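Report on the structure given below.
The values are calculated or read from the model by the stated rules, or taken from the named source; none is laboratory data. Note that this is a predicted model, so its numbers are computed, not measured. When we count neighbours, we look across all protein chains shown, and the Cβ atoms used for this are built from the backbone with ideal geometry, even at glycine.
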């Protein structure tokens, strides 16, 4: 696929994604959902439309440790599973996300459902919905320890709440291209019962994701896969990830990332077998925050079960 064809396809498919997303009211712009550097290898936690699109049962485990050495820094552990059913027209997914930032803990559990519509011989449009909720905890004693000020707002009782939620997503894909848009959490649940809003903003904020990627064959043994992902949310600056990944001899991915909100990094992934791979990424801040932490580390493990006797003729890069 040429660069011109890539841009033309983005323009054509973006209209459908925007139409669905902007049925939801777009509020004025706290990054609360976890970040992922290796999102391009498994998008289920972000987009329910991704469920079942791998055509096999796919499992992923990810552990991300952000701003290592910084007291109260974010730490995220994620497990996802997804598979097609019913002659590949329907996909199901399951995800568990544990996210810790300072005094807050969130454990989210979600089920995903997608329905695929064939657009052409080699492409499909997947419409997805996810439902579940977060178990949210706020330790006020930990908040007081991390805050040097004697603020009465930090002297209240601990918070323990279950926050039900649901989200939607759309995902267009072929053998060498994808385009997606999603809102993983539509409800803006109140996080606590106080009249005064906490430093977290007092409620969950809606996040909007837009993503796209393409595969370009450079040589027989070198594949180039550029991708982008944009995030929009209330009270946080616009965030855009730009990634450039190369696959060598269908075994080793090597890539670089730049996030305009203030970081850059690199990743490597080894495809040990057609079913099993391990990836690692490292991010560094470009702001003054880089003087107070040792960067961000992320490890990802993927395993796919192919229960069919026949082998897949065309390798899947998304």
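Identify the single condition in (1) surrounded by 22 or more Cβ atoms within 10 Å (Cβ to Cβ); (2) more than 26 Å from residue 128 (Cα to Cα) that residue 70 does not satisfy, given that it satisfies every other one.
Looking at each condition in turn, residue 70 falls short on (1).
Here is a list: 281, 261. Which entry is touching a strand residue (DSSP E or B) at 6+ places or on another chain (Cβ under 9 Å) and surrounded by fewer than 20 Cβ atoms within 10 Å (Cβ to Cβ)?
261
Can you pull out every residue in the range 92-115 that is at pLDDT below 95 and touching a helix residue (DSSP H, G or I) at 6+ places or on another chain (Cβ under 9 Å)?
Hits for the range 92-115 are 102, 103, 104.
Do the conditions hold for residue 77, that is, is it modelled with pLDDT under 95, closer than 20 Å to residue 40 by Cβ, in contact with a strand residue (DSSP E or B) (Cβ under 6 Å, 6 or more places away or on another chain) and crowded, with 16+ Cβ neighbours inside 10 Å?
No, not satisfied.
Counting only residues that are at pLDDT below 95 and over 20 Å from residue 185 (Cβ atoms), which one in the range 125-140 is nearest to the chain's Cα centre (by Cα)?
Once the filter is applied, the top-ranked residue is 139.
Identify the single condition in (1) modelled with pLDDT under 95; (2) exposed (fewer than 14 other Cβ atoms within 10 Å of the Cβ) that residue 248 does not satisfy, given that it satisfies every other one.
(1)
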